[in-house]
Amino acid sequence: MKLATLKDGTRDGKLVVVSRDLTRYCAADNIAPTLQAALDNWDEIAPKLEALYTDVQHEAVPCERFHEREAHSPLPRAYQWADGSAYINHVELVRKARGAEVPESFYHDPLMYQGGSDGFLAPRDDIPLKDTSWGCDMEGEIAVITDDVPMGVSSDGAADHIKLVMLVNDVSLRGLIPGELAKGFGFFQSKPASAFSPVAVTPDELGDAWKGSVIHLPLMVDYNGEAFGRANAGVDATFSLADLVAHAAKTRDLGAGTIIGSGTVSNQGPDGDPGKPVADGGLGYSCIAEIRMIETIADGEAKTRFMAPGDTVRVEMKDEDGHSIFGAIEQKVVEA
């Protein structure tokens with residue numbers, strides 16, 4: 001099943017069911033007015049949405065043309081958004097850039113921060129940037145949405161609470177991160193509003209690509225129209241998304257509509273090295289910070305600048321037949 005939220009002038013938008021090929025939609029507001037309302041009563045609402053999805057697939061109900069530019073993030077705002085660190089290769093590279101070591105605990109106890117969730121950018125919204133010295137970066141990631149998750153759930157149990165999967169561009173302001181972390185109290189100003197893919201899908205839509213609560217497909221990140229990252233989300237994942245949900249629920253219940261992110265999708269090179277840019281035959285990177293670290297290692301200094309007004313980023317994932325699964329996040333940086 002594929003779900004989206006269309007902009008309708010309200011804060012939380014209108015819930016719609018989208019066809020598998022992302023060409024058509026049917027309004028679902030007679031079943032649940034918003035995606036959050038559906039998640040609040042998922043066991044009762046999901047079967048009704050599934051039935052409508054079947055009708056949409058068979059063109060048995062009136063449908064309208066689905067335009068990704070009309071979609072908001074599936075949850076335009078959420079009760080909770082927490083981002084983890086499934087890909088330790090990314091953590092290693094970024095911490096090297098800051099001159100920081102990776103503690104051994106990071107390999108069995110994931111990093112996680114709680115981001116701002118009172119408002120997300122739509123997948124085609126501009127990224128506002130007030131100061132280029134803040135070091136604006138994109139981060140291509142996977143995210144899941146849960147129903148109600150009980151405190152202390154195991155990873156195996158957490159997998160059953162993953163109801164929807166989507167993509168995210170977790171915008172980061174790298175220039176502000178060191179100063180914030182030096183205070184010993186975590187990210188805040190350095191993590192502005194993120195954007196999620198136009199469509200969220202149930203795990204069964206991913207077929208065999210969904211294994212062990214990880215998507216085994218490449219995440220496609222384009223920067224200024226050029227291939228920038230093609231890292232496989234099923235490779236080099238130290239933690240699964242279920243592991244991250246369980247980590248978040250260690251000391252608290254998670255309310256329905258909680259979003260948990262994977263952290264930047266990142267692969268090592270074939271010999272365990274940091275890998276190469278796509279232009280050089282590698283899988284590239286899902287954020288600018290990683291390639292800057294590679295440049296620093298190779299040349300003594302970073303050459304790739306962070307994003308500035310006019311730069312564009314596109315994040316997408318396709319199935320084995322080349323069809324877009326979630327639609328695409330397409331954003332341009334603009335002066336705030």
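Annotations
- For the stretch 58-127, the convex hull drawn through the C-alpha positions has a volume of 184 cubic angstrom per residue.
- Trypsin sites (Lys or Arg not before Pro) lying in DSSP loop within the stretch 129-227, provided at most 14 other Cβ fall within 10 Å: Lys130, Lys183
- Cα pair distances of the stretch 49-88 binned at 5 Å [whole percent]: 6, 14, 14, 14, 19, 12, 12, 7, 3, 0
- Dipole magnitude (debye, nearest 20) for the chain, charges at Cβ of Lys, Arg, Asp, Glu: 760 debye
- Each 5 Å bin from zero holds the following percent of Cα-Cα pairs in the stretch 205-246: 6, 21, 23, 21, 15, 11, 4, 0.
- Mean projected area of the convex hull spanned by the Cα atoms of the stretch 139-238, taken over all viewing directions: 8.6 nm².
- Considered as an equivalent ellipsoid built on the Cα gyration tensor, the chain has semi-axes of 31, 22, 19 Å, the largest given first.
- Orientation-averaged projected area, Cα convex hull of the stretch 76-201 (nm²): 8.8 nm²
- Scanning the chain for GluC sites (Glu not before Pro) that sit in a DSSP loop and have at most 11 other Cβ atoms within 10 Å, the longest stretch containing none of them is 102-300.
- Note, ³J(HN,Hα) from phi for the stretch 297-311, Karplus 6.51, -1.76, 1.60, rounded to Hz, x at Gly and Pro: 5, 7, 10, x, 7, 7, 10, 6, 7, 6, 5, 9, x, x, 6
- Helix 42-57 and the longest principal axis of the Cα set of the chain meet at an angle near 80°.
- Candidate lysines for bridging to Lys332, where Cα separation is under 24 Å - those fewer than 8 sequence places away on the same chain excluded: Lys7, Lys130, Lys191, Lys303, Lys318
- Using a cutoff of 8 angstrom between alpha carbon atoms and counting only pairs six or more residues apart, the relative contact order for the chain works out to 22 percent.
- Computed over the stretch 128-196, the quotient of the alpha carbon radius of gyration and 2.2 N^0.38 Å is 1.43.
- Among the chymotrypsin sites (Phe, Trp or Tyr not before Pro) found in the stretch 260-333, not one is both in a DSSP coil and sparsely packed, with 14 or fewer other Cβ atoms within 10 Å of its Cβ.
- Projecting label points 7 angstrom from Cα along Cα→Cβ for Arg95 and Thr296 puts them 1.4 nm apart.
- Segment Phe185-Val102, length gained on full extension (0.36 nm per residue, minus Cα span): 28.1 nm
Rule-based calculations on the coordinates, nothing more; no lab input. In this text the structure is predicted, and so the values were computed from the model without any measurement. When we count neighbours, we look across all protein chains shown, and the Cβ atoms used for this are built from the backbone with ideal geometry, even at glycine.
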